[in-house]
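One structure is given here, and the rest of the page talks about it.
The values are calculated or read from the model by the stated rules, or taken from the named source; none is laboratory data. Keep in mind that this is a model prediction, so the values were computed, not measured. Glycine also receives a Cβ, built like all others from the backbone with ideal geometry; neighbour counts cover every protein chain displayed. The protein model used for the area step is the full one, side chains on, heavy atoms only, and it has no ligands, DNA or RNA in it. Shrake-Rupley method; radii C 1.70, N 1.55, O 1.52, S 1.80 Å.
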Amino acid sequence: MTSQNADARPGRAGASVDWTGHVHGSAKYRRLLAGLFFAGIATFAQLYSPQAVLAHIADDFTVGAADAALVVSTSTIGLAIGVIPWSVVADRVGRVRAMSIAVIAATVFGLLVPFAPTFPLLLTGRFVEGLMLGGVPAIAIAYLSEEIEPRHAARAAGTYVAGTSIGGLLGRLVAGPVAELANWRAGVFTVAVLCAVSAALFIALIPHPQGFVPRRARRPGIDSSLIGLLRANLQSRRMLALYAQGFLLMGGFVALYNFLGFRLAAEPFNLPQSLVSLVFVAYLAGTWSSAQAGILAARFGRWSVLLLSVGTMIGGVLLTLSDSLPFALIGVLLATAGFFAAHAVASGWTGTEASVGRAQASSLYNLSYYAGSSLFGWLGGVFFVTWGWAGTAGMVAGLAAVAALLTVLLLRPVRTGT
C-alpha cells in the first residue's frame, strides 16, 4: 500500500505511511494467526457448548426440547444484534482492544451462566453472553485485512475460520461427556474454563495493530458516520452477494446439522444416540478445509475457490440422501468441508472488498450469517416434518445453489487476485 492511499482511508490516518502488513512467515504474522485462532476457540466453544447438553437442560428445568434449544438461539441472536455496535466500538478504541474487551466479558458471563438458578435467568445470561461474543467475529476479519499483507489475507482468514471450527467442535465434545459424568452445569462450565485459557492466549499473542488508528486519535473531519459506512457497504452489489453467501450457506449448514441426528437415528440407520453425537467430529473436515481454502484462494483466486467450495457442499448434501451409511457419512464430511471453505473465502473477501467501513462490512456479513442460521435452521424442520430428510437436504442444496449462482453473476473477478 502506498503512502497516498494509506492516508486516504478513514482509520489509516496517523498510521505509518510505509505500513503494508505483516509479512507471511514473520514472527508477528505467526503470532497474529495464533492469537486469532485462540480467539475463535474462545468464542465458538462457549457459544455452542449447550447444544451437546440440551436434553439435560430440558430435564433440569422441566422444559420441552424446543424451549431448551432457546439456550443456543438466544446467544446467537445476541451475537447477531451485537456485531454492528461492536464495529462502532472497534472504530473508537481500536480493533485489538475491542476484541479483548469482548472476549474477557464473554468469558466472565460464560463462567457464571451455568449456575443460573432459573430458566429465564439462564436465557438472559446466554443472550448477554452472545452480545459480548459478537465482538470477535465483528472485528476479526477487518483486523486481518489491515494487518496482513493483502496477498496473504485470504490464507490468514482461513486460519481464523479453522479456529472457529475447532472451537465449535470442542464446545460440543467437551460439554457432553462431562455432563454424562457429572451434570450439564459442570459440562458447560468446563468449556468456559477452556475458553478463559484461550482468551488469555489470544491477549498474550495478538500483536499491537499498526494498520488502523482509533477514531479518537484521528485527525478531525476524515470519518464517515456509522449510517454512511453501512450505506456504502449495502449499496455495493458485490458486498450484498458476499453477505448472501453467509446468509444462505450458514442457514443450510445449521439446518443440516439440526436434523441430521433425526436422520441417523431413524430407519434405515437406527444409530444409538451415543454414536449420533459423534457426527460433530466431522467438523474437523471444516478445520482442514478452511485453512486450505485460504491457501488455494491466495494462489488461484477467491472466485474459483468459492465456487468449488459451494459445489463440494452441494455434492456432500446430495450424498446424505443415500441409504448406505458410509456414503451418507462421506456426504456429511464433504458438506462440512465445503461449507467451512466457502465461509473462510467469503468472510475474508468481505474484509478486502470493502473500500470503507471494514468493521461494518464484516459486521454486516456476520449479521447475515446468523440471520440465515436462525431462519433456515428453523425452516429446515418444516421441510423435514413435511417431506422427511429429502426435503431438508433439498432445501440445503437449493440454498447453496442460489449462493453459487450469485457468485457466478455478481462476484466474477474484476482484477487480478480477486
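Counted residue by residue at 0.36 nm each, then reduced by the alpha carbon distance between them, the extension gain from A55 to V414 reaches 124.2 nm.
Taking other residues whose beta carbon is less than 15 angstrom from the beta carbon of A293, and scoring Lys, Arg as +1 and Asp, Glu as -1, yields +3.
Accessible surface area normalised per residue over the range 86-205 is 33 Å², counting heavy atoms of protein chains with a 1.4 Å rolling probe. Spacing of the modelled spin labels on D323 and A27, each 7 Å from Cα toward Cβ, amounts to 6.3 nm. Computed extension gain for R237 through E267, at 0.36 nm per residue and net of the alpha carbon distance, reaches 6.3 nm. Put a dot 7 Å past the Cα of I227, heading toward its Cβ, do the same for W288, and the two dots end up 5.0 nm apart.
Evaluating 6.51 cos²θ - 1.76 cosθ + 1.60 at θ = phi - 60° for every residue in the range 132-145, the Karplus couplings come out as 5, 4, x, x, 7, x, 5, 10, 4, 5, 4, 4, 4, 5 Hz, glycine and proline recorded as x. Remark on the range 114-258: Rg and Dmax equal 19.1, 59 Å (Cα only).
What percentages make up the Cα-Cα pair-distance distribution of the chain when the bins are 20 Å wide from 0? Values per bin, smallest distances first: 28, 59, 13, 0. Label separation (V108 vs V382): 4.1 nm, computed from points 7 Å beyond Cα along the C-beta direction. Taking θ as phi - 60° and the Karplus parameters 6.51, -1.76 and 1.60, the scalar couplings of the range 155-163 work out to 5, 5, 4, x, 5, 4, 5, 4, x Hz in sequence order, x denoting glycine and proline.
Summarising the amide proton neighbourhood of H22: residues at separation of 5 or more, or on other chains, whose placed amide H is nearer than 5 Å comprise I148, E149. Taking the protein heavy atoms of the chain in the context of the full set of protein chains, the accessible area attributed to carbon and sulfur is 68 percent at 1.4 Å.
Stretching E149 away from L405 to a fully extended chain increases their span by 89.2 nm, per 0.36 nm per residue minus the current alpha-carbon distance.
Only Lys, Arg, Asp and Glu carry charge here, each on its Cβ (+1 for the first two, -1 for the last two); on that basis the chain has a dipole of about 1460 debye about its Cα centre. With the alpha-carbon atoms of the range 291-418 aligned to their principal axes, the span from lowest to highest coordinate is 46, 28, 25 Å, starting with the largest.
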